[in-house]
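Chemist: Pasting a structure here, questions to come.
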Amino acid sequence: MNVKLTETQKIKILNSDDIYVIMQQVLLRENKIDLDREHFWVIGLANNNLVLFIELISLGTVNKTLVHPMEVFSFALQKRAVKIILCHNHPSGELKPSDADKDITDRLIQVGIIVQTEVIDHLIISEKSYLSFTDIGLMSELRNSTKYVPRYKLEEKIQKEAKELGITTGLKTGRNTKAKEIATTCLEQGFEVEFIARLTGLTVRVVENLKKKME
């Protein structure tokens, strides 16, 4: 459901305070009907950060809502938005991100990369306050996550790191530590032990030992 914007709400977003001013008004208006349910919105921005639209993507229960990537990005692509902000409310007033909140943000960041529509923030709001993933450093953390990175992209990243490892000068112990970090990332993503050994220069036995420690 598209949220109709007033002329005063069609502003340029400079920070999280700007978006909260708008979304607090939207929440108060929609809460007249669904006070105790989670709402999940997507805010589309132009290249100059002008608000293009606010779309209600999902209306959930008291503590969760289902969000599908296709629904999040379809309207953004239609409206030619180049970046989006995610926003949902916690009826309890508790602003701490849940594991599910982090997980869906992680996933949508990767989808955004594929469709070239950057996810720049995720706000959790209540009637009186809000929390910004960007402001607390959580967006940066999730951008570094490899959980939803496509396998071919992860292979490219790992191979690049391995190549850099091979030409890096310095102490052998330092290179070995980096090799183990790369190997651990590969193991987390389900790569074969033999492939990891060839990629990093570690022995199969070392990689197998790393795998055992993770189990």
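The values are calculated or read from the model by the stated rules, or taken from the named source; none is laboratory data. It should be emphasised that the depicted structure is a prediction, and the values quoted were computed from it without experimental measurement. Neighbour counts are summed over all protein chains in view; Cβ atoms, including those assigned to glycine, are modelled from backbone coordinates with ideal geometry. The area values use the complete protein model at the heavy-atom level, side chains included, leaving out ligands, DNA and RNA. Shrake-Rupley method; radii C 1.70, N 1.55, O 1.52, S 1.80 Å.
Chemist: Can you give me the angle between helix 172-188 and the longest principal axis of the chain, using Cα atoms only, in degrees from 0 to 90, rounded to the nearest 10?
Modeler: 60
Chemist: Rank-order 104-112, 81-89 by packing density, defined as the average count of other C-beta atoms within 10 Å over each peptide's residues, highest first.
Modeler: Values: 104-112: 19.6, 81-89: 23.7.
Averaged packing, sorted descending, gives the order 81-89, 104-112.
Chemist: Could you compute the FRET efficiency for SER140 and LYS12, with r as their C-beta to C-beta distance and R0 at 25 Å, rounded to 0.05?
Modeler: Numbers: r = 23 Å, r/R0 = 0.91.
Step by step, r from the Cβ atoms, then E = 0.65.
Chemist: Work out, step by step, the length gained on full extension between GLN159 and GLU215: first 0.36 nm times the residue separation, then minus their alpha carbon distance; give nm to one decimal. List each step's numbers first, then the result.
Modeler: On the way: separation 56, 0.36 × 56 = 20.16 nm, distance 2.45 nm.
So the chain would gain 17.7 nm between GLN159 and GLU215.
Chemist: Amide H to amide H, which residues 5 or more places from ILE57 or on other chains are under 5 Å from it, using H placed in the peptide plane?
Modeler: PHE40, TRP41, VAL42
Chemist: Ignoring any ligand, DNA or RNA, what whole percent of the accessible area of the chain comes from carbon and sulfur when the probe is 1.4 angstrom?
Modeler: Carbon and sulfur: 52 percent of the exposed surface of the chain.
Chemist: I've got another one for you. Using the Kirkwood radius over C-alpha pairs as Rh, can you work out the diffusion coefficient of the chain via Stokes-Einstein at 20 °C, viscosity 1.002 mPa s, in µm² per second? Provide the component values of the computation, followed by the final result.
Modeler: Numbers: Rh = 19.4 Å.
This corresponds to a translational diffusion coefficient of 111 µm²/s.
Chemist: Among bridges DSSP assigns within the chain, what percent are antiparallel (round to 5)? Could the numbers behind the result be given before it?
Modeler: Working: 19 of 26 bridges.
For the chain, the DSSP antiparallel bridge percentage is about 75.
Chemist: Determine ³J(HN,Hα), in whole Hz, for all residues of segment 84-89 in sequence, where each value follows from phi through the Karplus function 6.51 cos²θ - 1.76 cosθ + 1.60 and θ = phi - 60°; x replaces Gly and Pro.
Modeler: 9, 10, 8, 8, 8, 9
Chemist: Where only protein heavy atoms count, and the probe is 1.4 Å, what is the accessible area per residue for segment 18-122 in Å²?
Modeler: Details: 5040 Å² over 105 residues.
Accessible area per residue, segment 18-122: 48 Å².
Chemist: Continuing with this model, one more query. Multiplying the sequence separation of ALA46 and ILE114 by 0.36 nm and subtracting their Cα-Cα distance, what value in nm do you get?
Modeler: On the way: separation 68, 0.36 × 68 = 24.48 nm, distance 1.80 nm.
Result for the pair: 22.7 nm of gain on full extension.
Chemist: Hey, another quick one. Projected area of segment 49-145, taken from the Cα convex hull and averaged over every viewing direction, in nm²?
Modeler: Working: hull surface 24.6 nm².
Over every viewing direction, the Cα hull of segment 49-145 projects on average to 6.1 nm².
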